[in-house]
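The values are calculated or read from the model by the stated rules, or taken from the named source; none is laboratory data. All values derive from a computational prediction rather than experimental measurement. Ideal geometry is used to build each Cβ from the backbone, glycine not excepted, and the neighbour counts take in all protein chains shown. In case anyone asks, the SASA skips ligands and DNA or RNA and just uses the protein heavy atoms, side chains included. Shrake-Rupley method; radii C 1.70, N 1.55, O 1.52, S 1.80 Å.
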Amino acid sequence: MHITQKISIIKKNAANAQLVVVTKHQSVDVIRQVYKHGEKNFGENRVQDLIKKANQLPKDIKWHMIGHLQKNKVKYIAPFIYMIQSVDSIELLEKINKEAKRNNRRIKCLIQYKISNAKNKFGFTKDEIEKLFNYDYYNNYNYVQIEGLMAMASFTNNKIEIENEFKKIYELFQQIKPSKKILSIGMSNDYKIAYKLGSTMVRIGSFIFN
Ligand SMILES: *Cc1c(COP(=O)(O)O)cnc(C)c1O
């Protein structure tokens, strides 16, 4: 099946969700093909790859950082990154704010929620997220724009377990609404479940490219 057919399938299954095409491991030529098909939102999980690809591709691409981001690397993406989905500590948020200010721009961010204790090393706990939003703590940061939450389900084939996790994530998302609009959940293997349970943004790689 062609890449464009696979994208059409995703758009049928998750009609109202924003698709972020995860381009990690993909060549610039392949990404350009997807871009020509009309996709503009691409996700990478490593700063070095992201910069290399961004330099070679059209400037109107919206790059999403989706992997763990080291504080000392924020400065490399701050001038152009569209959204940092993997904000997993207050220290990182502070650093993004500082680098965004230096570039005189506001950077859109999602707070990463660590739902599964076993697999995902990074992210905020439910308590930490509630605190962050209850006290509007993030309002101290004028150069970041927090748009919502990002999360990953546990690495399992157990559909019920995945459903239960997405339900928990959605519950927390409801608490921080209505001001926060984006819930970034759903990957190749679970995006249909995620969409059914409230996802507004899906991040999909292997289904499209493999
Ligand atoms: C790789 C990755 C994805 C995409 O996963 P696929 O299973 O290839 O669709 C989504 N989100 C994050 C954070 C990733 O690292």
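Conditions (1) touching a residue at least 24 places away in the same chain (Cβ under 8 Å); (2) touching a Ser or Thr at 6+ places or on another chain (Cβ under 6 Å); (3) assigned to a helix (DSSP H, G or I), marked per residue:
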{"site": "ASN72", "(1), (2), (3)": "no, no, yes"}
{"site": "ALA100", "(1), (2), (3)": "yes, no, yes"}
{"site": "ASN104", "(1), (2), (3)": "no, no, no"}
{"site": "ILE115", "(1), (2), (3)": "yes, no, no"}
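Contact annotation: residue pairs with Cβ atoms under 6 Å, 6 or more positions apart or on different chains, pairing a residue in the stretch 34-52 that is assigned to a helix (DSSP H, G or I) with a partner that is modelled with pLDDT of 95 or more and among the hydroxyl-bearing types (Ser, Thr, Tyr), are VAL47/TYR76; ILE51/TYR76. Annotation note: of SER206, SER188, SER179, the sole residue that is surrounded by fewer than 15 Cβ atoms within 10 Å (Cβ to Cβ), small (Gly, Ala, Ser) and over 30 Å from ASN104 (Cα atoms) is SER206.
Filtered by the rule that a residue be of a type in the set (A, V, I, L, M), out of contact with any His (no Cβ under 9 Å at 6 or more places or on another chain) and under 23 Å from GLN18 (Cα atoms), the stretch 73-109 gives ILE77, ALA78, VAL87, ILE107. When each of GLU165, GLU147 is tested for being outside any loop (DSSP other than H, G, I, E, B), acidic (Asp, Glu) and closer than 22 Å to ASN13 by Cα, the lone residue that passes is GLU165.
The single condition from (1) over 17 Å from the mean Cα position of the chain (by Cα); (2) at pLDDT 95 or above that TYR137 fails is (2). Can you spot a residue in the stretch 185-204 that is at pLDDT below 95, more than 17 Å from the chain's Cα centre (by Cα) and not polar (S, T, N, Q)? No: zero hits. Taken over the stretch 16-34, the criterion of being open to solvent by 70 Å² or more (accessible area, probe 1.4 Å) and either within 17 Å of LEU183 (Cα to Cα) or among the acidic types (Asp, Glu) (or both) is satisfied by ASN16, GLN18, ASP29.
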